[in-house]
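Asker: Pasting in a structure now, in structure tokens, and then I'll have a few things to ask.
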Amino acid sequence: MNDFVIEIEGLGKRFKLGQRRGSVNLRGALEGILRRPFRHLKLVPEPNSNPYVWALKEVSFSLRQGDVMGLIGGNGAGKSVLLKILARITKPTEGRALVRGRIGAMLEVGAGFHPELTGRENIYLSGTILGMSPASISRQFDEIVSFSGVERFLYTPIKHYSSGMRMRLAFAVAAHLDTQILLVDEVLSVADDAFREMCITKLKQTAETGKTIMIVSHDPSVIERLCHRALLLANGRVMMDDTVPRVMRKYLEEDKRAAS
Amino acid sequence: MQESKVLSQTLAVAFEQAPWPETLIQPARDGLSQYVRELRQYSSLIYLLLWRDIKLRYQQTLIGATWAILQPLFTMIIFNVLFGRLVKVPTGGQPYPVFALSALVPWTYFVHALTLSTKCLLQHHDLLTKVYFPRLILPLVAVLEAAVDFLIAFVLLLLMMLCYGVAPNWHLLMLPPLVLLLVITALGAGLWLAALNLKYRDVMNALPFMTQLLLFMTPVAYPSSLIPEAWRTVYALNPLAGVMEGFRWALLENAEVSGFSLAISILAGVALLVSGFFFFRSQEDYFADEV
């Protein structure tokens, strides 16, 4: 019997390079079929003989309940892909992950927001989409509103909000997610300093209630304040899984080395 | 020693009975039972998205709810001029406007449901890439949303029947199962089209043209008795023929529906739904990557 809430073994995700993301039409598909016999004869130029890229490869680690883990790495290291797989938005190509508990994902703020609906309506809409029950939203409604600071404009369609207000409202809803596991992806970068402070404090409170959290951030201070464990990713692989100070040191070393 | 063993065993049992759902994330498709369980879990999302779409539609438009009536109404008017007055299609003694409208109302629902369903995945591209929920909910909401318009148009139909003094008989009782058949067929076709449109974007462009063709191959503007005897079996293979004629039979007198075409409709509707469900499920894992 173990008390791991997230167990990840050998997770990998492969993307096809040059994949025209969905904008294939029937004509294109037919052309593809007609071209195929000619490829062998090399009459038609082959775009790239190795058209795959592994965004994640052989990622394995485990989290216990109450762990707050930071994901650190350069751009394209695979941090967001890892969160997307755990949030079940995309499927892994190999490996597996076992998750105990409900997952709430803050991958980008404002999921489900519609500009024509009022602030109040969007709170309920976004909250339900993120996985909260209507009862849970009602219970926390006042807190969400005061956190976002848009009391006066609650009954105005959010298309009239400033982008900052929209972001605050979106984050306010997501911050009150009551799922056992939270995945947070780089959502604080657009916040101004004051709101950012509020968000970090709120996340810290959430962590203290024993929830399991995974955070992606480029801001070292966020990781240092919230997490006690960190994962360093580079080129889709886990470089290091250790305490925050050690991982941060390695990350900065690698950064410096890459820059020189 | 014994006590601690008992204690740890008790704790182990207690933990195993913890209500936290266990989810396995793996390359293979999720099991069917897990899928169905999640659909039930997310049922409140269905109502919420439905509410949102309906509110938005009727909030933004000037004419709002009347839009649901205008389309079948105007088509009926044009048909009345062409097929009722000029060509004089046999209607079994019924006034042509009622004759046409009784099939136009379910037809308009079908086309509307299909249109909404085909674009629902692309339309919710932001949700598909940011949040998890069973994707089947989106075409389901589309089909239910069109049903709201259908109900409004149905009221129009009843009013027209009243105006023309056409009284329904016990056949009306068959209307609910016919509506169910219509929704099942629309959902099945919608699931196919929604998934296909994500991969091949011109499905959406081909749709209006295809439904227009289908309209003329279905007994909406004219009765199927117009079709020569030799071709009638082939004609009945159109899954919508039975449903449309069934509607007419349920609402009006002197309307006939052949058992054969109705049977085809039922079989085709169920086959569309089942095959659509499995096809959609097979493509679902790649939606976020392809959208």
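The values are calculated or read from the model by the stated rules, or taken from the named source; none is laboratory data. Treat the numbers as computed from the prediction; the structure is a model and nothing was measured. So basically every Cβ, Gly included, is an ideal-geometry build from the backbone, and we count neighbours across all protein chains shown.
Asker: Tell me which of these B:Ile46 doesn't satisfy, since it passes every other one: (1) loosely packed, with under 14 Cβ neighbours inside 10 Å; (2) within 14 Å of chain A (Cβ to nearest Cβ).
Answerer: Every condition holds for B:Ile46 apart from (1).
Asker: Right, next: Which one is surrounded by the fewest Cβ atoms within 10 Å (Cβ to Cβ), of the residues in region B:159-177 that are outside any loop (DSSP other than H, G, I, E, B) and in contact with a Leu (Cβ under 9 Å, 6 or more places away or on another chain)? Write out each step before concluding.
Answerer: Taking region B:159-177 and keeping what is outside any loop (DSSP other than H, G, I, E, B), we get B:159-163, B:170-177.
Cutting the leftovers down to in contact with a Leu (Cβ under 9 Å, 6 or more places away or on another chain) gives us B:160-161, B:171-172, B:175.
On the way: B:Met160: 18, B:Met161: 20, B:His171: 17, B:Leu172: 11, B:Leu175: 17.
If we take residues in region B:159-177 being outside any loop (DSSP other than H, G, I, E, B) and in contact with a Leu (Cβ under 9 Å, 6 or more places away or on another chain), then B:Leu172 is surrounded by the fewest Cβ atoms within 10 Å (Cβ to Cβ).
Asker: Ok, one more. For residues in region B:83-139 being within 14 Å of chain A (Cβ to nearest Cβ), out of contact with any helix residue (DSSP H, G or I) (no Cβ under 7 Å at 6 or more places or on another chain) and among the charged types (D, E, K, R), which is surrounded by the most Cβ atoms within 10 Å (Cβ to Cβ)?
Answerer: B:Lys130
Asker: Determine which member of the set B:Leu198, B:Leu191 is part of a helix (DSSP H, G or I) and within 14 Å of another protein chain (Cβ to nearest Cβ). Working first, answer last.
Answerer: Working: B:Leu191 fails: within 14 Å of another protein chain (Cβ to nearest Cβ).
So the residue among B:Leu198, B:Leu191 that is part of a helix (DSSP H, G or I) and within 14 Å of another protein chain (Cβ to nearest Cβ) is B:Leu198.
Asker: Now a separate question. Would a scan of region B:212-221 turn up a residue that is in contact with a Pro (Cβ under 8 Å, 6 or more places away or on another chain) and either within 14 Å of chain A (Cβ to nearest Cβ) or modelled with pLDDT under 95 (or both)?
Answerer: Residues of region B:212-221 in contact with a Pro (Cβ under 8 Å, 6 or more places away or on another chain): none.
Checked region B:212-221: no residue is in contact with a Pro (Cβ under 8 Å, 6 or more places away or on another chain) and either within 14 Å of chain A (Cβ to nearest Cβ) or modelled with pLDDT under 95 (or both).
Results for (1) of a type in the set (Val, Ile, Thr); (2) more than 16 Å from B:Val131 (Cβ to Cβ); (3) surrounded by fewer than 20 Cβ atoms within 10 Å (Cβ to Cβ), shown as yes or no for each residue.
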| position | (1), (2), (3) |
| --- | --- |
| A:Leu125 | no, no, no |
| A:Met132 | no, no, no |
| A:Asp142 | no, yes, yes |
| A:Ser146 | no, yes, yes |
| A:Arg152 | no, yes, yes |
| A:Lys159 | no, yes, yes |
| A:Met165 | no, yes, yes |
| A:Arg168 | no, yes, no |
| A:Val173 | yes, no, no |
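Rundown of residues vs (1) more than 10 Å from chain B (Cβ to nearest Cβ); (2) over 20 Å from the mean Cα position of the chain (by Cα); (3) among the basic types (Lys, Arg), yes/no style:
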{"residue": "A:Gly70", "(1), (2), (3)": "yes, no, no"}
{"residue": "A:Ala87", "(1), (2), (3)": "no, no, no"}
{"residue": "A:Leu117", "(1), (2), (3)": "no, yes, no"}
{"residue": "A:Tyr124", "(1), (2), (3)": "no, yes, no"}
{"residue": "A:Ser133", "(1), (2), (3)": "no, yes, no"}
{"residue": "A:Ser136", "(1), (2), (3)": "yes, yes, no"}
{"residue": "A:Gln140", "(1), (2), (3)": "yes, yes, no"}
{"residue": "A:Ile144", "(1), (2), (3)": "yes, yes, no"}
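Asker: From (1) under 24 Å from B:Leu138 (Cβ atoms); (2) at pLDDT 90 or above; (3) part of a strand (DSSP E or B), pick out the condition that doesn't hold for A:Ile123.
Answerer: (3)
Asker: Still on this structure, please answer the following. Quick check on A:Ser60: is it within 13 Å of another protein chain (Cβ to nearest Cβ) and either at pLDDT 85 or above or within 29 Å of A:Lys250 (Cα to Cα) (or both)?
Answerer: Values: within 13 Å of another protein chain (Cβ to nearest Cβ): no; either at pLDDT 85 or above or within 29 Å of A:Lys250 (Cα to Cα) (or both): yes.
In short, no.
Asker: Also, I was wondering about something else. Looking only at region B:83-100, filter to residues that are touching a residue at least 24 places away in the same chain (Cβ under 8 Å) and among the aliphatic types (A, V, I, L, M); which one of those is farthest from B:Met161 (Cα to Cα)? Before you say what the answer is, go through the steps one by one.
Answerer: Initially, region B:83-100 is screened for residues touching a residue at least 24 places away in the same chain (Cβ under 8 Å), giving B:83, B:89-95, B:97-100.
Next, only the ones that are among the aliphatic types (A, V, I, L, M) stay: B:89, B:98, B:100.
On the way: B:Val89: 19, B:Val98: 6, B:Ala100: 11 Å.
Ranking the candidates gives B:Val89 first.
Asker: Quickly run through region A:93-115 and pick out the residues that are more than 8 Å from chain B (Cβ to nearest Cβ) and under 18 Å from A:Ala175 (Cα atoms).
Answerer: The answer is A:Gly104, A:Met106, A:Val109, A:Gly110, A:Phe113.
Asker: Next question. Condition (residue is closer than 20 Å to B:Thr75 by Cα and aromatic (Phe, Trp, Tyr)) applied to region B:186-201: is it met by at least one residue? Give the steps one after another, and end with the answer.
Answerer: As a first pass, look at region B:186-201 and keep what is closer than 20 Å to B:Thr75 by Cα: none.
No, region B:186-201 contains no residue that is closer than 20 Å to B:Thr75 by Cα and aromatic (Phe, Trp, Tyr).
Asker: Return the pair list, or none, for Cβ contacts closer than 8 Å from residues in region B:225-238 that are over 23 Å from B:Leu267 (Cβ atoms) to residues that are surrounded by 10 or more Cβ atoms within 10 Å (Cβ to Cβ) and among the β-branched types (Val, Ile, Thr), at least 6 apart or on different chains.
Answerer: Listed by first residue and then by second, the contacts come to B:Leu226/B:Val89.
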